[in-house]
1. What helices (runs of 4 or more DSSP H) completely inside the stretch B:244-352 contain at least 1 residues that are touching a Leu at 6+ places or on another chain (Cβ under 6 Å)?
2. Could you please find all residues in the stretch B:232-252 being within 14 Å of chain A (Cβ to nearest Cβ), within 18 Å of the chain's Cα centre (by Cα) and of a type outside the set (Ser, Thr, Tyr)?
3. Restricting attention to the stretch B:319-328, does a residue exist that is buried (at least 20 other Cβ atoms within 10 Å of the Cβ), in contact (Cβ under 8 Å) with a residue 24 or more places away in the chain and over 19 Å from residue B:85 (Cα atoms)?
4. Could you go through the stretch A:122-130 and let me know if any residue there is among the small types (Gly, Ala, Ser) and surrounded by fewer than 16 Cβ atoms within 10 Å (Cβ to Cβ).
5. So, in the stretch B:200-221, of the ones that are within 14 Å of chain A (Cβ to nearest Cβ) and buried (at least 23 other Cβ atoms within 10 Å of the Cβ), which residue ends up farthest from residue B:16 (Cα to Cα)?
6. For the stretch A:53-70, name all the residues that are crowded, with 19+ Cβ neighbours inside 10 Å and within 14 Å of chain B (Cβ to nearest Cβ).
7. Please state which of the following conditions residue A:136 fails to meet, knowing it meets all the rest: (1) at the interface with chain B (Cβ under 8 Å from one of its Cβ atoms); (2) of a type outside the set (Ser, Thr, Tyr); (3) in a strand (DSSP E or B).
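The values are calculated or read from the model by the stated rules, or taken from the named source; none is laboratory data. Note that the structure is predicted; figures quoted are calculated from it, not measured. Ideal geometry is used to build each Cβ from the backbone, glycine not excepted, and the neighbour counts take in all protein chains shown.
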Amino acid sequence: MAEAQALLPVVDYLKIPDDGDPYLEGAKCGNCGAIYLGSRRACSKCGTVGGFSSEKLSNKGELYVFSIVHRSFPGIEVPYVSAVVDLEGGGTVKGNLINVEPTPETVKPGMPIEVIYKTAPRKDAEGNEYLTYYFQPRG
Amino acid sequence: MSDVYILGTDMIKFGRFPDRTVPDLGAEAALLALKDANLGIQDMEALYCGNLYQASAMVGQRILQEIGQTGIPVVNTANACATGATAFREAWMAVKAGVYDLVLVVGVEQMGKGLLGGGGGGKGIPREGLLGSGTMPSVFAEAGMEHARKYGTTFEQFAKVSVKNHHHSTMNPKARYQIETPLEEVMNAEMISYPNTKLMCSVNVDGSAAAVLASEKKARELGLGRAVRVRSSALTSDPWQERDLVMPDVNTCTRKAAKTAYEMAGVGPEDIDLVELHDCFATAEILHYENLGLCGDGEAGKMIDEGQTQLGGRIPVNCSGGLLSKGHPLGATGVANIYEVATHLRGEAEKRQVEGAKLGLTHVIGLGSACAIHVLEKVS
Ligand SMILES: [Zn+2]
């Protein structure tokens with residue numbers, strides 16, 4: 001029996017610690033406080049080079065805006081909700097909003113959101129599996 | 001400093017030309033513009049050529065191989081959907097700086113089929129449809145939803161933009177489509193990315209447009225009869241915004257470019273008689289009414305409801321039919337907008353003529369982002 005392969009992160013700002021829950025990581029500018037996803041060389045807000053601290057981003061946030069995608073590339077299941085979410089404490093992330101009916105009547109800007117982590121339904125060419133994140137309404 | 005003038009400009013009727021080549025399409029517009037200026041390729045001192053999809057393939061030089069290899073300098077530009085306007089601006093700068101007296105600008109594109117954007121690529125697995133959407137209809141849907149969130153703009157108001165621009169196109173023989181689309185038809189068309197239906201997305205077409213620019217000295221020598229004065233040219237990239245890592249920002253760069261363009265021309269939005277703006281999606285046009293100062297913040301929905309931007313209204317927008325109906329061949333779009341406004345300023349727009357037009361504004365956005373704005377003025 002093949003040994004279970006470790007999941008790879010879908011993006012480099014998704015961190016999978018050996019001992020603990022996955023989380024999204026941001027880089028905070030030491031000068032102006034701007035938050036970026038993943039690591040950074042310099043700050044595009046203030047121009048400061050270096051001096052970033054790694055921040056564990058919140059899994060709670062609110063829906064900023066969305067679109068409901070009915071036509072995408074071949075093989076991609078539609079409709080789905082493409083969502084931009086502002087996280088509590090800073091950081092804005094884009095992703096799919098799931099566990100809600102994809103209609104303009106049910107998806108509302110400002111609705112409370114949580115970030116959840118699941119195995120992605122796609123593998124890469126070598127058959128590797130990936131851990132991805134989704135948004136869902138927060139009760 | 002002396003002004004720069006458009007002496008000739010033209011475009012081909014946009015359409016689908018799978019059997020033709022990019023240089024061939026570009027050559028056709030180049031010859032039309034030269035003829036309009038009553039000049040020849042031998043008179044041109046430089047060529048500025050905008051094309052996106054063959055940006056590494058020397059399109060400008062290949063156009064000269066079709067119409068006259070005079071050995072002049074060629075600059076090929078690529079700047080997403082601002083590609084053509086960027087070529088125009090580079091040409092304008094060279095003439096303004098006194099380097100040349102007569103230059104040719106060509107914008108040309110041959111498009112593939114289907115959705116733009118969202119390709120992803122790189123290592124790992126494709127992220128389209130997993131981490132939201134990067135397709136253009138979705139990106140601009142989300143930009144529109146930001147306006148809806150702030151001001152309560154409705155799906156119906158966005159849809160009215162398409163009704164208007166499709167109506168305008170019925171008076172433009174060079175538009176890809178000339179078909180009226182009533183509101184119900186726009187709203188009930190196939191949903192691509194809510195709130196953009198298929199009739200609220202720009203049309204993928206092949207096309208080309210061109211212009212001949214002249215120094216003031218040369219323009220006076222050749223005669224100012226049908227000349228159009230370039231009052232200002234502005235180009236910006238997107239300044240930092242809180243969400244711009246995940247949400248391309250088309251607003252801030254437009255506002256910055258508009259401010260520069262109005263200041264350089266010494267005019268305000270109230271002085272402008274017509275606008276050709278970047279309606280790549282119906283949602284985008286609403287945003288740019290405010291970004292260009294055509295109305296106050298939060299008033300764009302009211303503006304479309306009241307018909308202020310239709311032909312005969314307070315400030316007609318996209319009389320050509322816009323990208324929504326005339327079509328959007330990326331590298332040609334910026335030059336085609338200039339052709340449209342210049343045609344009105346010359347009083348030659350026939351059925352869609354904005355009566356008494358003296359000042360017009362052109363605007364394009366290249367997502368990623370670049371914004372180019374030009375203010376043009378009737379000379380006599
Ligand atoms: Zn900073």
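1. B:251-265, B:282-291, B:330-345
2. B:238, B:249, B:250, B:251
3. yes
4. Looking through the stretch A:122-130, at least one residue is among the small types (Gly, Ala, Ser) and surrounded by fewer than 16 Cβ atoms within 10 Å (Cβ to Cβ).
5. Here the answer is B:200.
6. A:57, A:61, A:63, A:64, A:65, A:66, A:67, A:68, A:69, A:70
7. The single condition residue A:136 does not satisfy is (1).
Residue-wise test of (1) within 14 Å of chain A (Cβ to nearest Cβ); (2) assigned to a loop (DSSP other than H, G, I, E, B); (3) more than 21 Å from residue B:326 (Cβ to Cβ).
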site	(1), (2), (3)
B:137	yes, no, no
B:141	yes, no, yes
B:147	yes, no, yes
B:150	yes, no, yes
B:158	yes, no, no
B:174	no, yes, no
